[in-house]
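See below for the structure under consideration.
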Amino acid sequence: GAVVSQHPSWVICKSGTSVKIECRSLDFQATTMFWYRQFPKQSLMLMATSNEGSKATYEQGVEKDKFLINHASLTLSTLTVTSAHPEDSSFYICSARHSSGRAGGFFGPGTRLTVL
Amino acid sequence: SQQGEEDPQALSIQEGENATMNCSYKTSINNLQWYRQNSGRGLVHLILIRSNEREKHSGRLRVTLDTSKKSSSLLITASRAADTASYFCATDSLYGNNRLAFGKGNQVVVIP
């Protein structure tokens, strides 16, 4: 299957700082990338959908000014958690999809964010 | 929004036994997918079943889909310790723009 990477795999930051997470499709062009958040022992919750070159579409209840998503190229999307707080601590997972690929795309390995 | 909703079970079985988990959803779908997630890791895609399919096999996995009941089941036969993981179903709804809605997940523990 296609390969999707995320960087960093884990990050610890102080409250109030911003953290950027990268999602890359390594061997295909991802016209769409999805960002999910997963709290411990819970399921994945879709945060937003980003299409290359256009603004991200956020799910209800997700603050677009807090979770900045940029999808500037067909192989890279970034999620920036701005002014992070302990309640933002979570596992963030991206998936990348080619326009002709299966719904949902291929998933990255996830990024563990811990905000102190 | 969450569409796939598994029965929130935690299964604990002996190696060699079969494990069955269920998933129900609410809207019309294009397909339903099952994923496995080991603790603290990413998702592994297991199998996709289309809305016009009723059953699908992949190795030791057997998935059924009943669109009239809006439900699916995942059966793992002859379980192994390495099957210990959380299993999620995810639905690709007809009007979801290729987004997936994940269910709550089932924690499966296979005891060697």
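The values are calculated or read from the model by the stated rules, or taken from the named source; none is laboratory data. All figures in this text were calculated on a predicted structure; none of them were measured in a lab. Don't worry about glycine lacking a Cβ; one is built from the backbone with ideal geometry, like all the others, and counts go over all protein chains shown. Just the protein is used for accessible areas: all its heavy atoms, side chains included, with ligands, DNA and RNA removed. Shrake-Rupley method; radii C 1.70, N 1.55, O 1.52, S 1.80 Å.
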Whole-number percent relative contact order across chain B, with pairs defined as alpha carbons under 8 Å at least 6 apart: 39
Can you list residues whose amide H is under 5 Å from A:ILE21's amide H, if they're 5+ apart or on another chain and H is modeled 1.01 Å from N? A:LEU79, A:THR80, A:VAL81
Residue by residue through segment A:75-90, which ³J(HN,Hα) values in whole Hz follow from phi under the Karplus form 6.51 cos²θ - 1.76 cosθ + 1.60 (θ = phi - 60°), with glycine and proline marked x? 10, 9, 10, 10, 10, 10, 8, 8, 6, 5, 10, x, 5, 7, 4, 5
Provide the per residue accessible area, probe 1.4 Å, for segment B:5-111, rounded to a whole number of square angstrom. 47
If each residue of separation counts as 0.36 nm, what is the full-extension length gain between A:GLN42 and A:SER83 once their alpha-carbon separation is subtracted? 12.4 nm
Among A:ALA30, A:ALA96, A:ALA72, residue whose mean-square fluctuation peaks in a GNM of chain A (springs only between Cα atoms under 10 Å): A:ALA72
Tell me, rounded to the nearest percent, the portion of alpha carbon pairs in chain A spaced more than 21 Å apart. 30
Modelling each spin label as a point 7 Å along the Cα-to-Cβ direction, I'd like the B:LEU61/A:SER100 distance in nm, to one decimal. 2.4
Taking 0.36 nm per residue of separation between A:LEU76 and A:SER5 and subtracting their Cα-Cα distance, the length gained on full extension comes to 24.6 nm
How much length, in nm to one decimal, is gained on full extension between B:SER68 and B:ALA10, taken as 0.36 nm per residue of separation minus their Cα-Cα distance? 18.2 nm
Two pseudo-spin positions, 7 Å from Cα along C-beta at B:SER28 and at A:GLN60, lie apart in nanometres by 2.1
Just flag the trypsin sites (Lys or Arg not before Pro) in segment B:42-87 sitting in loop per DSSP whose Cβ has no more than 14 other Cβ atoms within 10 Å. B:ARG54, B:ARG60, B:LYS69, B:ARG80
Roughly what % of Cα-Cα distances in the protein assembly as shown sit above 23 Å, to the whole percent? 48
Percentage, to the nearest whole number, of Cα pairs in chain B over 25 Å apart: 16
FRET efficiency, B:GLU53 to B:THR20 (Cβ-Cβ, R0 22 Å, nearest 0.05): 0.75
What is the sum of charges around B:SER68, taking Lys and Arg as +1, Asp and Glu as -1, for the other residues whose C-beta is under 14 Å from the C-beta of B:SER68? +2
Order of B:86-92, A:52-58, A:14-20, B:42-48 by packing, highest average Cβ count within 10 Å first? B:86-92, B:42-48, A:52-58, A:14-20
In segment A:14-78, what percent of the accessible surface is made up of carbon and sulfur (1.4 Å probe, ligands and nucleic acids excluded)? 49
Accessible area buried, both sides summed, chains B and A with 1.4 Å probe, Å²: 1500
In terms of modelled amide H atoms, which long-range or inter-chain residues lie less than 5 Å from the amide H of A:SER89? A:VAL115
Under 4.7 Å Cβ to Cβ, no partner at all: give me those cysteines from the protein assembly as shown, in residue order. A:CYS13
If each K or R counts +1 and each D or E counts -1, the residues other than A:SER9 whose Cβ falls under 12 Å of its Cβ total +1
Local charge sum around B:ASP83 (other residues, Cβ-Cβ under 10 Å, Lys/Arg +1, Asp/Glu -1)? +2
